[in-house]
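K.L.:
Handing you a structure now.
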Amino acid sequence: MQSLAEEALRTAAISKTYPDGTQALRGIDFRLAKGEVHGLLGENGAGKTTLSKILSGILRPTSGEIFIRGQKAEARHPKEALKLGVGMVHQHFTLVRDFTAFENILLGTRVNPKGSGAARARQEILDLSKQVGLSVHLDTKIEDLALGAQQRVEILKMLYRKVDVLILDEPTSSLTATETTELFKAIRKLKEEGKSAIFITHKLNEVLEICDQITVLRHGEVSGRTEASKADRKMLARMMVGRDVVFDLVRGPSRPAEPILEVKDLMVKGNRGEEAVKGISFEVRKGEIFGVAGVEGNGQTELEEALCGIRKPSRGTIRLAGADITTLNTGQIRKHSVGLIPEDRRQMGLVLDMTVAENSILGREWEVRFRGRGVALAWVKIRAHASRLIKSFEILVKGPDSPAKSMSGGNQQKVVVSRELADEPDFVMAAQPTRGLDVGATDYIRRLLLKTRDSGKAVLLLSADLDEVLQLSDVIGVMYEGKLIEVGPAEQMTRHRVGLLMGGVRE
Amino acid sequence: MKAAIPSGASGILSSLAESVFAAGVGFLASGILLAVLGKDPIKAFYYLFEGSFGNVTNITITLAYASPLILTALTFAIGVRAGLFNIGAEGTFYVGAAAAVAASFVHLPFGLGLLLILIAAGAAGAAWSVPAYLLKSYRGVHEVISTIMMNNIALFAMQFVVLDYLLDPTRSDKSSSIPIDARFPVLISPNLSYAIFFAILVCLGVYYYLWQTPGGYELRAVGLNPDASKFSGVNPRKPMLYAFLLGGITAGLGGAVEVAGTFTPFAIYTGLSNLVNFGFNGLAVALIGRNHPLACVVAGVFFGALQAGASSVQILGISFEIVEVVEGMIVFAVAAPQLYHMVRSRMK
């Protein structure tokens, strides 16, 4: 099945058992050919990250062998892996924010960015960047670079170290659509240079677009291997989750009623004092999902924070069920019947060091139903409440006393969503509700939002995932540079049109 | 109270094992030091134990040392739970002690004098912690800076207060003593009073507040993740204020326990010499007790034992300074794991 092309890297029966007994990998055989882009696909917790960490020398396998260019290799440290030509670009970049791109690339080499070899190194990096089409302002500090540019620095850093095998861990998770296109172009160039890449992701479309070979992991084992040209989304999804996933959610006709959220002429300042939301107006009606599409960084986060009372609008009004909530704080807004699902679940939605039970009452700790005598919290009742949520929202966890940080991303999000939706609020705001989640959890949460809408509640969906917005929304608005540049019923907003609008193009 | 520790319950055994191991390392390292100095470590540790737990009198001395330390430890522990590094217990301890002596000037019958002393010390401690809260909350001043400065202000302000307002009319080296009927009643020997039970009671109260009330839940949630707390609707200032106030109250009560509950002088020396270091030692006690209010009781007794046993070790001809070094090594070893956990979680 595999082509006979020269072998770049191969693993034989790699297994990894963590000290706490978790079996992350079980006998993984993986082969990467020279000049190949190999997709490593799998749900969260399938073992993708563990495998890549073993290949890049961060972790050591419990058993099994790694061969690089046919030679048995044993990297005990990322430095040794680099020497063997294997380098990793992490999902969360590992750059020094106060250093320039140039300084970051040279960091850890023997070249002093202000010393004698600097000029030659600079030329080498510029040549490399031209060669693969990755343009970077070398003298800009990392903190002033966009995420896409930071990633280019990471890749150049690896290329400068003469890496043959580039491991890219979820490389598109923080990129805009344009940046993703550029990244793919660069990957194709690298391929032409004879370099190989391992592309770790859970996004099916991307893996089909950029990869030659695909290996799918599930529960630490290889659950499928295929050539990309012979694969389709359905087949890959089945390999990933072990069952058929319905991609086309059935969205019944909406029965919109009166508006519940009315936003008028809203202006919100961003962190640097710039106008991030520039005077937008819209309303969300009961019984419908209002989807806000748009590339991230176009004011969605500021809009989200203004609606939640975390950021004070500089102008305009927000009315919820007729009441003016523009200047209320989060605690006061939560006294209305609302469910707020934040964009950043780990930072805003959960206290990771607390248990599931403790997290299940976050923001509801004063409610009488969780109290015993007097002011005391009744942990018996709280545990029972958490157990109910675990059951009815199909949360995969040992029990209410498990710490939130021990759970996978999908189940963490389910804890947040269950808490926010359990009381059947009249208005739900869901910001990036499925970002980073595996196929199963994504499917589940989307169904839940549809159910909420079908029961006559209003949902405001803020999402950078175009498929999600198109799939769920009854009304679609597109945010671009702080403005809602177009709002229309879903039937009129085709994928093509929304895609163009997200890039600021009006037909 | 149902035994319900929602978070961290599973970790208790492993942290206990860690502490015992760390103590072993501390004893080993300081034992090597003693051996190098030509002293018999086994004998020294025996005398250390004998001096702290060897007989009833020594046990009472140990517990008497522990009582105020347990209370100052709570100040730091509560702070950490709320995400604060509150090291203001030292100064607040002086303020509480001075308030206690001042309150004893009012003579009340039926032990009400003691009640007034405790109220005054707690209130003074709470009030003394407010500036650090205001500076942090409204001006962004880090609490380490402000509480260090408040400690220095307290040191000199309370010396002034003792000299000018509280001085014993018959002696110039100390304040007036608290009258017998306003002191904590004696428990076994004159060394030990009911103050130890009072300290334990306060620990139970703090534990109850932190783990069994909505306010305490919010305090811990803010300490672990202020962003999520804010998004859930909590104004982080409120738990922060409570953490400062509660910490002030416990340190203030610590001062009252020292002057109204431990044997002689039941007063404050003019240089505050009988008050110094209780606050900072409380910080070490909190670290040993992993910032858990109930574990602080055990840690306080451990620390009290080291202090009580020190004089016995000197009998062996080991100088006081060496005894202090030995104790410092042991305390450092036991506190190190928690210090490591805290620093690591801050670096994340």
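K.L.:
With the crude spin-label approximation of a point 7 Å out along Cα→Cβ, what separation in nm comes out for residue A:424 versus residue A:381?
P.N.:
It is 2.1 nm.
K.L.:
For region B:118-150 and region A:404-476, what is the separation of their Cα centres, given in Å?
P.N.:
43 Å
K.L.:
Now, a different point. In whole Å, what is the distance between the alpha-carbon centres of region A:150-226 and region B:293-321?
P.N.:
Comparing the Cα centres of region A:150-226 and region B:293-321, I get a distance of 61 Å.
K.L.:
Still on this model: Note down the relative contact order for region B:120-195 as a percent, whole number, built from C-alpha pairs under 8 angstrom at least six residues apart. Intermediate results must be reported in sequence, preceding the final value.
P.N.:
On the way: 35 pairs, mean separation 9.3, N = 76.
RCO, region B:120-195: 12 percent.
K.L.:
Per residue of A:399-410, count partner chain C-beta atoms within 10 Å of its C-beta, then hand back the mean as an integer.
P.N.:
Taking the mean over all residues of the peptide, I get 1.
K.L.:
Let me ask something else about it. If you take the charge dipole of chain B about its Cα centre, with +1 on Lys and Arg Cβ and -1 on Asp and Glu Cβ, which of B:16, B:185, B:41 is farthest toward its positive end?
P.N.:
B:16
K.L.:
What FRET efficiency would be calculated for the residue pair residue A:405, residue A:23, taking the C-beta separation as r and a Förster radius of 25 Å, to the nearest 0.05? Write down the numbers at each step before the final one.
P.N.:
On the way: r = 20 Å, r/R0 = 0.79.
Given R0 = 25 Å and the Cβ-Cβ separation, E is 0.80.
K.L.:
Rounded to the nearest 20 Debye, what is the dipole magnitude of chain A about its Cα centre when Lys and Arg each give +1 and Asp and Glu each give -1 at the C-beta?
P.N.:
Once rounded to the nearest 20, the dipole reads 1100 debye.
K.L.:
What whole number of Å gives the distance from the Cα centroid of region A:485-507 to the Cα centroid of region A:323-385?
P.N.:
First find each Cα centre; the distance between them is then 37 Å.
K.L.:
Please list, in order, the residues from region A:456-486 whose amide nitrogen is less than 13 Å from a point placed 7 Å along the Cα→Cβ vector of residue A:506.
P.N.:
In region A:456-486, the label zone of residue A:506 (backbone N under 13 Å from the point 7 Å along Cα→Cβ) covers A:478, A:480, A:483-486.
K.L.:
Tally Lys/Arg at +1 and Asp/Glu at -1 over every other residue whose Cβ is under 13 Å from the Cβ of residue A:66; what's the total?
P.N.:
+3
K.L.:
What's the FRET efficiency of residue B:186 with residue B:316 using the Cβ-Cβ distance as r and R₀ = 45 Å, to the nearest 0.05?
P.N.:
Step by step, r from the Cβ atoms, then E = 0.90.
K.L.:
Averaged across the residues of A:376-383, what count of C-beta atoms belonging to other chains lies within 10 Å of each residue's C-beta? Walk me through the intermediate numbers first.
P.N.:
Values: counts 9, 9, 3, 7, 2, 0, 3, 2.
That average works out to 4.
K.L.:
Now for a separate question. Count, for each residue of A:163-172, the Cβ atoms from other chains sitting within 10 Å of its Cβ, then give me the mean as a whole number. Each step should come with its number before you reach the end.
P.N.:
Details: counts 0, 0, 0, 0, 0, 0, 0, 0, 0, 0.
Shielding by partners across A:163-172 averages 0.
K.L.:
Under a plain spin-label model, where a point goes 7 Å from the Cα along Cα-to-Cβ, how far apart in nm are residue A:189 and residue A:76?
P.N.:
In this crude label model, residue A:189 to residue A:76 measures out at 3.8 nm.
K.L.:
Dipole size in debye (nearest 20) for the protein assembly as shown around its Cα centre, Lys and Arg Cβ +1, Asp and Glu Cβ -1?
P.N.:
Roughly 920 debye for the protein assembly as shown.
K.L.:
Run the numbers on chain A and let me know its relative contact order in percent, using alpha-carbon pairs under 8 Å that are six or more apart.
P.N.:
Relative contact order, chain A: 14 percent.
K.L.:
Order by neighbour count: A:132, A:153, fewest other Cβ atoms within 10 Å first, most last.
P.N.:
A:132, A:153
K.L.:
May I ask you to derive the FRET efficiency for residue B:57 and residue B:344 from their Cβ-Cβ distance with R0 = 56 Å, giving the value to the nearest 0.05?
P.N.:
Result of the calculation: an efficiency of 0.85.
K.L.:
Among DSSP beta bridges lying fully in the protein assembly as shown, give the percent that are antiparallel, nearest 5.
P.N.:
Antiparallel bridges: around 55 percent, rounded to the nearest 5.
K.L.:
What does the charge add up to near residue A:463, with Lys and Arg as +1, Asp and Glu as -1, over the other residues with Cβ less than 13 Å from its Cβ? Before the final figure, lay out the partial values.
P.N.:
Details: positive: A:435, A:446; negative: A:296, A:304, A:343, A:465, A:467, A:468.
Net local charge, residue A:463 excluded: -4.
K.L.:
Something else about it: Between B:197, B:311, B:343, whose Cα lies farthest towards the positive end of the dipole of region B:14-347 when Lys and Arg beta carbons carry +1 and Asp and Glu beta carbons carry -1, centred on the Cα centre?
P.N.:
With unit charges placed on the Cβ atoms, the residue in question is B:343.
K.L.:
Length gain on complete extension for the stretch residue A:278 to residue A:124, per 0.36 nm per residue less the alpha carbon to alpha carbon distance?
P.N.:
Separation in residues times 0.36 nm, less the Cα-Cα distance, equals 51.1 nm.
K.L.:
Tell me which lysines have Cα within less than 17 Å of residue A:162's Cα, excluding those fewer than 8 residues away on the same chain?
P.N.:
Residue A:162 reaches A:34, A:79, A:83, A:130, A:189, A:191, A:195.
K.L.:
Follow-up. Using the Kyte-Doolittle scale, find the helices of chain B whose mean hydropathy is at least 1.0 and whose Cα atoms extend 24 Å or more along the helix's long axis, counting only whole DSSP H runs.
P.N.:
B:11-36, B:56-81, B:112-139, B:143-161, B:195-212, B:293-314
K.L.:
Would you list which aspartates and glutamates come within 13 Å of residue A:278, measuring only between C-alpha atoms, while excluding same-chain residues fewer than 8 positions from it?
P.N.:
Excluding near neighbours in sequence, the set is A:265, A:302, A:481.
K.L.:
Please order B:241, B:71, A:40 by the number of other Cβ within 10 Å, starting at the fewest.
P.N.:
Working: B:241 19, B:71 35, A:40 28.
Ordered from fewest to most neighbouring Cβ atoms within 10 Å, B:241, B:71, A:40 come out as B:241, A:40, B:71.
K.L.:
Using Cα pairs under 8 angstrom and six or more residues apart, how large is the relative contact order of region A:349-422, in percent?
P.N.:
After rounding, I find 41 percent.
K.L.:
Under 11 Å from the Cβ of residue A:264, count the other residues' Cβ atoms, weight Lys and Arg +1, Asp and Glu -1, and hand me the total. Write down the numbers at each step before the final one.
P.N.:
Details: positive: A:315, A:319; negative: A:262, A:265, A:283, A:324.
Around residue A:264, the surrounding residues sum to -2.
K.L.:
Of A:89, A:23, A:498, which is farthest along the charge dipole of chain A in the positive direction, counting Lys and Arg as +1 and Asp and Glu as -1 at C-beta?
P.N.:
Checking the options against the dipole of chain A, the answer is A:23.
K.L.:
Magnitude of the Cβ-charge dipole of region A:349-422, K/R +1 and D/E -1, about the Cα centre, nearest 20 debye?
P.N.:
Charge dipole of region A:349-422: 280 debye, to the nearest 20.
Every number in this text was worked out from the coordinates using simple rules, so none of it is lab data. Since the structure is predicted, the reported quantities are computational estimates derived from the model, not experimental observations. Positions of Cβ are backbone-derived with ideal geometry, glycine not excepted, and every protein chain shown enters the neighbour counts.
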